[in-house]
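Accompanying notes for the structure given below.
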Amino acid sequence: MTTATQTFSNRTTSPFRYDFVGSFLRPVALKTARAQFAKGALDAAGLKKVEDAAIIELIQKEEAAGLKAVSDGEFRRSWWHLDFFWGLQGIEKKQLAQGYVFHDEETRAESAIVSGKLSGENHPFVDHFKFVRDHVSAGTQIKQTIPAPAQCLAELQRPENVAALRQVYGTDAAVVKDLAAAYHQVIEDLYAAGARTIQLDDCTWGMLAGNHAKGAETGDLTARNDAVLDQNKQLYLDVNNEAIKDLPADLTISTHICRGNYHSTWASAGGYDSVADPLFNQENVKAYYLEYDSDRAGGFEPLKLVSDNKLVVLGLLTSKSGELEDRQTVIDRIHEAANYLPLDRLCLSTQCGFASTEEGNVLTEAQQWAKIALVKSIAEEVWGV
């Protein structure tokens with residue numbers, strides 16, 4: 001199938017026709033430094049020096065790969081989400097008895113709990129952004145990734161954490177109000193520092209989709225509480241939209257949806273059908289980075305609910321393994337998705353980051369960059385960019 005006769009709009013802001021999600025494999029020097037820091041053999045200044053050097057090198061590699069917006073690879077984080085939560089006022093780090101349970105393994109057992117009123121002043125991620133800002137080449141844009149407000153809300157509402165939450169906030173409405181305000185403050189501070197692209201990483205919708213799917217194959221729905229699932233959909237929509245309302249028009253807010261990404265394993269399975277309404281038609285983001293690298297993500301039909309002029313970045317290449325996808329298969333799937341959303345509103349990326357946690361996925365750095373190169377090459381063929 002050819003698209004040579006079609007004309008596509010020129011993407012000058014995120015998302016771009018060939019894009020990425022955010023995290024990259026940590027280099028050995030950085031992993032070593034973090035291990036030394038954890039043992040007390042390296043101080044914070046020494047760790048930062050190693051982080052700085054690794055991020056500068058990563059930025060150079062991203063630019064060399066042709067990426068039009070770059071990230072810091074999330075190199076200063078242990079987790080894609082918890083480090084951000086710990087940076088909010090009123091949230092503390094917590095050790096749990098059990099980590100997150102994935103398909104093939106269990107994560108480290110860390111979490112975040114409410115210890116006081118939530119606010120977003122002086123978040124460390126603002127300085128992290130400034131460092132990248134000061135080290136990119138002229139014309140290179142920056143993508144700042146942060147976990148979605150809904151993801152933070154879900155963490156605070158975990159059974160192990162909800163008692164601490166209720167000591168400070170008696171109702172969901174109260175915590176939604178303050179959590180959204182805290183996020184809004186951080187986003188405004190990032191904007192003031194120069195951020196124009198912020199991506200909200202959000203597994204809550206993927207987990208909801210998986211919970212809705214439970215029982216679908218057997219017809220046994222006794223373990224599924226649709227009323228609770230629908231209530232959570234509304235809560236997640238409300239806190240996300242409240243956090244990103246009334247922001248500058250030149251700030252692009254996008255979101256990335258997946259079903260878990262830890263050491264090449266996954267946590268949930270289920271198509272977007274059960275969450276497309278309200279996710280695709282009511283969440284006030286400009287673009288969706290969507291996991292679509294396996295059957296666990298379902299089909300493309302839910303894309304017909306994507307509203308207005310929003311874009312969708314198809315995560316058709318997996319970041320969980322180094323094996324390269326068949327080029328024509330990916331191109332065919334892009335055109336299949338275009339049956340539900342115009343091709344001009346589609347872009348391409350890997351389905352997730354390469355290292356949502358510092359452990360990283362099971363592939364080599366060379367394989368990581370080969371994935372990025374394939375994304376770029378396919379996008380150039382499909383959209384002529």
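Assorted remarks:
- Given (1) outside any helix (DSSP H, G or I); (2) open to solvent by less than 10 Å² (accessible area, probe 1.4 Å); (3) more than 24 Å from Met207 (Cβ to Cβ); (4) of a type outside the set (D, E, K, R), number of the condition Ala41 does not satisfy: (2)
- Out of Gly298, Gly353, Gly315, sole residue that is on the phi > 0 side of the Ramachandran plot and among the small types (Gly, Ala, Ser): Gly298
- Residues located in the range 355-385, provided they are assigned to a helix (DSSP H, G or I) and open to solvent by less than 10 Å² (accessible area, probe 1.4 Å): Gln368, Lys371, Ile372, Val375, Ile378, Ala379, Val382
- Within this structure, Ser111 passes the test of being part of a strand (DSSP E or B) and either free of Cβ contacts under 8 Å to residues at least 12 places away in the same chain or within 19 Å of the chain's Cα centre (by Cα) (or both).
- Checking each residue in the range 135-173 for being more than 22 Å from the chain's Cα centre (by Cα), open to solvent by 40 Å² or more (accessible area, probe 1.4 Å) and over 25 Å from Asp250 (Cβ atoms) picks out Pro159, Glu160, Val162, Ala163, Arg166, Gln167, Val168, Gly170, Thr171, Asp172, Ala173.
- Each residue in the range 298-315 was checked for being under 25 Å from Asn10 (Cβ atoms), open to solvent by less than 40 Å² (accessible area, probe 1.4 Å) and over 15 Å from the mean Cα position of the chain (by Cα), and 6 pass.
- When Tyr236 is tested against (1) open to solvent by 40 Å² or more (accessible area, probe 1.4 Å); (2) aromatic (Phe, Trp, Tyr); (3) part of a helix (DSSP H, G or I), exactly one condition is not met: (1).
- Put simply, of Glu336, Glu380, Glu359 the only residue that is within 22 Å of the chain's Cα centre (by Cα) and either at negative phi or of a type outside the set (Val, Ile, Thr) (or both) is Glu359.
- Every listed requirement among (1) under 22 Å from Ile372 (Cβ atoms); (2) within 23 Å of the chain's Cα centre (by Cα) is met by Asn10 save one, (2).
- Matching residues in the range 220-265 - criterion: being over 27 Å from Ala195 (Cβ atoms), under 21 Å from the mean Cα position of the chain (by Cα) and modelled with pLDDT of 90 or more: Asn232, Lys233, Gln234
- Listed by first and then second residue, the pairs linking a residue in the range 63-81 that is among the hydrophobic types (A, V, I, L, M, F, W, C) to a residue that is in a strand (DSSP E or B), with Cβ atoms under 7 Å apart and 6 or more places separating them unless they lie on different chains, are Ala69/Gln141; Ala69/Ile142; Ala69/Thr197; Val70/Ile142; Trp79/Thr357; Trp80/Pro147; Trp80/Asp201; Trp80/Thr357.
- Every pair of residues 6+ apart whose Cβ atoms lie under 7 Å, when the first sits in the range 25-36 and is within 20 Å of Gln368 (Cα to Cα) while the second is among the small types (Gly, Ala, Ser) and surrounded by 19 or more Cβ atoms within 10 Å (Cβ to Cβ): Leu25/Ala355; Leu25/Gly360; Arg26/Ala355; Arg26/Gly360; Pro27/Ala54; Ala29/Ala54; Leu30/Ala54
- The range 70-95, residues that are among the aromatic types (Phe, Trp, Tyr), outside any loop (DSSP other than H, G, I, E, B) and open to solvent by 20 Å² or more (accessible area, probe 1.4 Å): Trp86
- Taken over the range 272-297, the criterion of being open to solvent by less than 30 Å² (accessible area, probe 1.4 Å) and either in contact with a strand residue (DSSP E or B) (Cβ under 8 Å, 6 or more places away or on another chain) or within 23 Å of Gly22 (Cα to Cα) (or both) is satisfied by Tyr272, Leu279, Phe280, Glu283, Val285, Ala287, Tyr288, Tyr289, Leu290, Glu291, Tyr292, Ala297.
- Every test in (1) touching a Phe, Trp or Tyr at 6+ places or on another chain (Cβ under 7 Å); (2) surrounded by 22 or more Cβ atoms within 10 Å (Cβ to Cβ); (3) within 21 Å of Gly73 (Cα to Cα) is passed by Cys352 save one, and that test is (1).
The values are calculated or read from the model by the stated rules, or taken from the named source; none is laboratory data. Here the structure is a predicted model, which is why all the values come from computation and not from measurement. Cβ coordinates were reconstructed from backbone atoms using ideal geometry, including for glycine residues, and neighbour counts include every protein chain displayed. Areas reflect the complete protein model, heavy atoms only, side chains present, ligands, DNA and RNA absent. Shrake-Rupley method; radii C 1.70, N 1.55, O 1.52, S 1.80 Å.
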